[in-house]
Each structure stands twice: as C-alpha cells, then as structure tokens.
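Worksheet: one structure, shown below.
The values are calculated or read from the model by the stated rules, or taken from the named source; none is laboratory data. Just so you know, these numbers come straight off a predicted model, no measurement behind them. With ideal geometry, Cβ positions are generated from the backbone for all residues, glycine too; neighbour counts draw on all protein chains shown.
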Amino acid sequence: MTQSDRAPLLEVEGLDAWYGAAQVLFGAGLTVGRGEAVALVGRNGAGKSTTLKAIMAMVQRRAARLAFDGQDLRPLQTFEIARLGVGYVPEDRRIFTELTVMENLDLGRRRTPGGGPQWSDDALFALFPNLADMRNRLGGQMSGGEQQMLAVARALVAGPALLLLDEPSEGVAPIIVEQMIVALQAMTAQGLSILLSEQNFELCAAICDRAYLIEHGELRSEGSIDNLSLPTFGQ
C-alpha cells in the first residue's frame, strides 16, 4: 500500500485559534501522513507555533475536522491528546532545570497506544551522543542546544507516533543544528511522523518532503519543499 492509499495520521481542516478575543489562526488545513515529515514554514509571528498549540488544545480553538489516526481531537484536553500518541516539543523547551538528564527522561516515560517507535535509553543516546556524556547533569547546567536535545529525547521516550516540533533550531549553535538534522533523519527512518515548525531552510530541506506556507495566520500554499524559496523563510 502506498502512502497516498492510506488515510493521513493527522488531519486538520478549518482550524481557527484565538488568544483571548484576538483571532490569530484562520481556517488552517493540513495533513501529515504516516512516517512523513512535513514542514510548517513562515516568518516570525506568522502563526506556526499557534498552529501546533491549537492541535494540542493549548489555546482556544475550533475546527471543522481535527483528527489523529481517525480519532476526533476536538473534545480532548492536552493530556488526552498526548496519551493517544502525539508528542509536542515547544519552542521554549520546558525541561526541568533542577533535574538531571535521566530524571527528565524518566518523567517523560508513559505508555501510549499511538503505535509509534519505541526508544530505549541506548537508542536515545545514539540519537543524541551529547546527552550520553551528561546523564547526571542538571538541566539548568546545559547549553540551549543540549536542552533542546533533551526536550526532544524526553518526548520520544513516550513512544509517540507523531511529533510536533516547534522551532528546534531557534537560538541553537550551527553544530547542534547539524546534529539535530541527523537525529531527525534517524527518527523518520524509524517511522516517526513529524510536523516541524521552522524557519531554517537547510533543516526543513534535509528532513521534509512537503511544506505548508503560513502568513498572517492563514495557510497560503502547500507543495514540495524544493519549490519553496529562501525569502519564504525570512532569510
């Protein structure tokens, strides 16, 4: 069975979102296939992060359709969506700075029925070798890039089928971005689906085949990552 023959893992139609009384997302629609990496691209403030938060029920929203593996997400709370097998790594990482790397990972462990790849500690440290050398280091004593790696690893230990990843290269050294690219390629090779909010063209091109362009809270176009120009990414 080809990818096109299968129902998308994530289906979004007519997604609106608000911060208070201000509407910031207007009728967004996108899909992510099983084992597919899709980029959500646009300039700062375009609505990329809000789209991910709306999928996770972290902002006020409504949608014509919002489904994961065929299940309606609209009535569910954030923790219920996570339990289905949707992982989320926010732009600000939100690791526990007073806990060690291993303690952070332990807090991320839970069983999910989402059918995603399972990651042992050894597999995670193979993805992120930097973390292997600092298992007992406090999160607050790590660099921004190392914290980003830890945030992704913590999301993976739950075995999600879909990972929502918000601006993983933001404020991160180029060498860490290169390591992140290798890790994300390994994740997709294991069958993990990824929706990536990002401005870094090289990162998106290395990971994703398709991309959606968002401007002023509206998804303007969708197509091959190869057809997107650098100015789209604010560069």
Q: Specify which of the listed residues (GLU91, GLU103, GLU98, GLU80) is surrounded by fewer than 17 Cβ atoms within 10 Å (Cβ to Cβ) and touching a residue at least 24 places away in the same chain (Cβ under 8 Å).
A: GLU98
(Q) Kindly evaluate LEU195 against the criterion of being crowded, with 21+ Cβ neighbours inside 10 Å and under 26 Å from GLN71 (Cα atoms). (A) yes
Q. Is it true that ILE176 is at negative phi, touching a helix residue (DSSP H, G or I) at 6+ places or on another chain (Cβ under 8 Å) and not in a helix (DSSP H, G or I)?
A. no
Q. Just for segment 91-111: of the residues that are farther than 18 Å from SER143 by Cβ and part of a loop (DSSP other than H, G, I, E, B), which one is modelled with the highest pLDDT?
A. ARG109
Q: Using the structure shown, decide if ILE214 is farther than 26 Å from GLU98 by Cβ, under 13 Å from the mean Cα position of the chain (by Cα), touching a residue at least 12 places away in the same chain (Cβ under 8 Å) and crowded, with 21+ Cβ neighbours inside 10 Å.
A: no
Q) Does at least one position in segment 117-129 carry a residue that is at pLDDT 90 or above, assigned to a loop (DSSP other than H, G, I, E, B) and closer than 20 Å to ILE175 by Cβ? A) yes
(Q) I'd like to check something: does segment 125-148 contain any residue that is surrounded by 14 or more Cβ atoms within 10 Å (Cβ to Cβ), within 19 Å of the chain's Cα centre (by Cα) and at positive phi? (A) no
Q.
Take PHE26 and tell me if it is buried (at least 21 other Cβ atoms within 10 Å of the Cβ), modelled with pLDDT of 95 or more and aromatic (Phe, Trp, Tyr).
A. no
Q: Could you pull out the residue among MET134, MET58 that is over 23 Å from GLY27 (Cα atoms), at pLDDT 90 or above and part of a loop (DSSP other than H, G, I, E, B)?
A: MET134
Q) Restricted to segment 179-200, and to residues that are outside any loop (DSSP other than H, G, I, E, B) and either β-branched (Val, Ile, Thr) or without any contact (Cβ under 8 Å) to a residue 40 or more places away in the chain (or both), which residue is nearest to GLY47 (Cα to Cα)? A) ILE194
